[in-house]
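So the structure is just underneath, and the comments pick up after that.
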Amino acid sequence: MSEGLNYQFLVDTFFVALSGVPIALIITIVSLLIALPLGFLLALTRINRIPVLNRFAQIYVSFVRGTPVIIQIFIIYSSVPLLLASIFEKYNINMNVYDVNPIWYAFIVFSLNTTAILIEVFRSALSTVSKGQLEAAYSVGLTNVQAFRRIIIPQTLVVALPNICTATVNLIKATSLGYAMSLQEITLRAKVAANVGYNYVEAYIDIFLVYLILCSLVEYLFKLYEKRLRRYKAVNV
Amino acid sequence: MEKYFDVTYIVESLPMLLPFLKVTFLVAGLSVLFGTLLGFILAAMKIGNSKIAKKIAYGYTTILRCTPSIVLLFLTYYGIPAIAGNFGVNINDVDKIVFVVITFSLQFAAAMSEVIRTSYESIDKGQFEAAVSVGLSPSQAYRRIIFPQAFVVALPNFGNSLLELMKEGALAYTIGLIDIMGKAELIIGANYNTHALEIYLALAVIYWILSIAIEQLFLKLEKVFSKGKQVIKTT
């Protein structure tokens, strides 16, 4: 144990870990693409108090925020195959459930998870935009869609962006749990490489570095975008 | 034919899981204790005048925020014994809970340092000046004026961090700690990996109830402590 770090392995595994980045990014981007519109719509139902959906969104958010991601992963990963199997059986689809790429389960878990977080983000952001803005937009003749696209959403986005950034970083971090679904992402790849010679310390240093670079990069990009969006910010007098 | 999904497993597993909440609470409690202490130090470094201390504290927060807890967990679990081994100290017999507590204390400290800093900065500087001007010593001013106000501001964020900590704590099973998640894994193993879904659902219910309880508790606490808060009236 006391022979110090294996530097050759450290460097080699760094690139192994790096090769898992695309998968982590794909999951992040797909989840965000699903979660952003869905979160926004459900946030609107929360704000406008649409009877059933409002309640549903509330319970949904409370459940997702109240349980660990790893348990959500396990629940989806053990329930969806059962559902799929019964569906396949019913419609005589000749396909083995175990051949489904785990990345599909990852999409489901992480987009469900991120949706819940974004509902809260958008809800608080939407409530900062005053109602008069919408009324003013109507009064100058904009349609509902136009009013949202040109007036409400830009203002909401400015407020919501820092929180969306946090959600994205958390999402990237959460993809490290994909190993539980045998997903070939950063953590699992490095860990498998480490299994050969028990070089766990080196492997985890590599994983750590990869996530650090990835998340810093994402935070930096969000900062840039935030700067661009700042021109929409309402000036408080 | 055996059923794929059997609700009785949920009900049966609950009494088996609940005793292990103790371990979960122990980890959370100790992590909160050490994490808050370290968080105070970090927040003091951020607020203070020293540029180097500021850089270190902010760097620490950024790095810890960018690390998934599972990676940090394994890094401490494999890393600390390796470092200790280099100095000829054998700590392979140390209980796993120590590593778990170290990991989550480090992580909680990063969150807490931000919570403490923002709540401190939310208190108007005039409060301190006013306190000193009526003859309180600086330490008195901090203790009697600044701290009670900052505490109320910090409370909701502290509650959020605590919830986050408890949920991340579920990952401790990966290094073999038997908390309620670890026990669930054991039960599933004992069932030959069948009926995993029911056990996980039971677990989810426990965590859900727990977090709702904590949330409500903090709402109550906030109400209790903010009774002295003066709301500025706009005329």
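At a glance:
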| read-out | value |
| --- | --- |
| Which numbered condition B:LYS183 misses (of (1) part of a helix (DSSP H, G or I); (2) facing another protein chain (nearest Cβ under 10 Å)) | (2) |
| Count of residues meeting criterion [within 12 Å of chain B (Cβ to nearest Cβ), over 17 Å from A:LYS223 (Cβ atoms) and not polar (S, T, N, Q)] in region A:144-182 | 7 |
| Selection within region B:186-195 - assigned to a helix (DSSP H, G or I) and within 11 Å of chain A (Cβ to nearest Cβ) | B:ILE188 |
| Cβ pairs under 6 Å, 6+ apart, first in region B:198-220 and without any contact (Cβ under 8 Å) to a residue 12 or more places away in the chain, second surrounded by 18 or more Cβ atoms within 10 Å (Cβ to Cβ) and small (Gly, Ala, Ser) | B:TRP208/A:GLY66 |
| Residue count for region A:1-28, restricted to those that are within 14 Å of chain B (Cβ to nearest Cβ), within 13 Å of the chain's Cα centre (by Cα) and aliphatic (A, V, I, L, M) | 2 |
| Residue under evaluation A:ASN92, criteria (1) touching a residue at least 24 places away in the same chain (Cβ under 8 Å); (2) on the phi > 0 side of the Ramachandran plot, criterion not met | (1) |
| Search result, residues across region A:29-77 that are among the hydroxyl-bearing types (Ser, Thr, Tyr), more than 14 Å from every other protein chain (Cβ to nearest Cβ) and farther than 30 Å from A:ASP99 by Cα | A:THR45 |
| Residue within region A:203-216 that is of a type outside the set (Ser, Thr, Tyr), under 16 Å from the mean Cα position of the chain (by Cα) and within 14 Å of chain B (Cβ to nearest Cβ) present | yes |
| Any hit, region A:97-111, residues being assigned to a helix (DSSP H, G or I), at negative phi, within 10 Å of chain B (Cβ to nearest Cβ) and not aliphatic (A, V, I, L, M) | no |
| Filtered residues of region A:189-234 (kept if of a type in the set (A, V, I, L, M), in contact (Cβ under 8 Å) with a residue 40 or more places away in the chain and under 27 Å from A:ILE164 (Cβ atoms)) | A:ILE207, A:LEU209, A:VAL210, A:LEU214, A:VAL218, A:LEU229, A:ALA234 |
| Test for A:ILE151: is it of a type in the set (Val, Ile, Thr), part of a helix (DSSP H, G or I) and free of Cβ contacts under 8 Å to residues at least 24 places away in the same chain | yes |
| Condition broken by B:LEU163, with the remaining ones in (1) in contact with an Asp or Glu (Cβ under 9 Å, 6 or more places away or on another chain); (2) without any contact (Cβ under 8 Å) to a residue 40 or more places away in the chain satisfied | (2) |
| First in region A:116-144 and within 16 Å of A:LEU44 (Cβ to Cβ), second anywhere and of a type in the set (D, E, K, R), Cβ under 6 Å, 6 or more apart | A:ARG123/A:ARG46 |
| Test result for B:ALA109, under 18 Å from B:ASN160 (Cβ atoms) and touching a Phe, Trp or Tyr at 6+ places or on another chain (Cβ under 8 Å) | yes |
| From the options A:THR168, A:THR175, residue that is within 17 Å of the chain's Cα centre (by Cα), of a type outside the set (A, V, I, L, M, F, W, C), modelled with pLDDT of 90 or more and closer than 26 Å to A:PHE107 by Cα | A:THR168 |
| Subset of region A:134-166 [surrounded by fewer than 17 Cβ atoms within 10 Å (Cβ to Cβ) and either more than 22 Å from A:TYR225 (Cβ to Cβ) or touching a strand residue (DSSP E or B) at 6+ places or on another chain (Cβ under 6 Å) (or both)] | A:LEU134, A:GLU135, A:ALA136, A:TYR138, A:SER139, A:VAL140, A:GLY141, A:LEU142, A:THR143, A:ASN144, A:VAL145, A:GLN146 |
| Residues of region B:167-180 satisfying the condition of being within 16 Å of B:PRO19 (Cα to Cα), more than 9 Å from chain A (Cβ to nearest Cβ) and either over 18 Å from the mean Cα position of the chain (by Cα) or not charged (D, E, K, R) (or both) | B:LEU177, B:ILE178, B:ILE180 |
| Residues of region B:60-92 that turn out to be free of Cβ contacts under 8 Å to residues at least 12 places away in the same chain, over 21 Å from B:LEU171 (Cα atoms) and of a type outside the set (A, V, I, L, M, F, W, C), as a count | 5 |
| Helices (runs of 4 or more DSSP H) (entirely within region B:6-118) containing at least 3 residues that are under 28 Å from A:TYR204 (Cα atoms), among the polar types (S, T, N, Q) and within 14 Å of chain A (Cβ to nearest Cβ) | B:69-86 |
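The values are calculated or read from the model by the stated rules, or taken from the named source; none is laboratory data. All values reported here derive from a predicted model rather than from experimental measurement. Cβ coordinates were reconstructed from backbone atoms using ideal geometry, including for glycine residues, and neighbour counts include every protein chain displayed.
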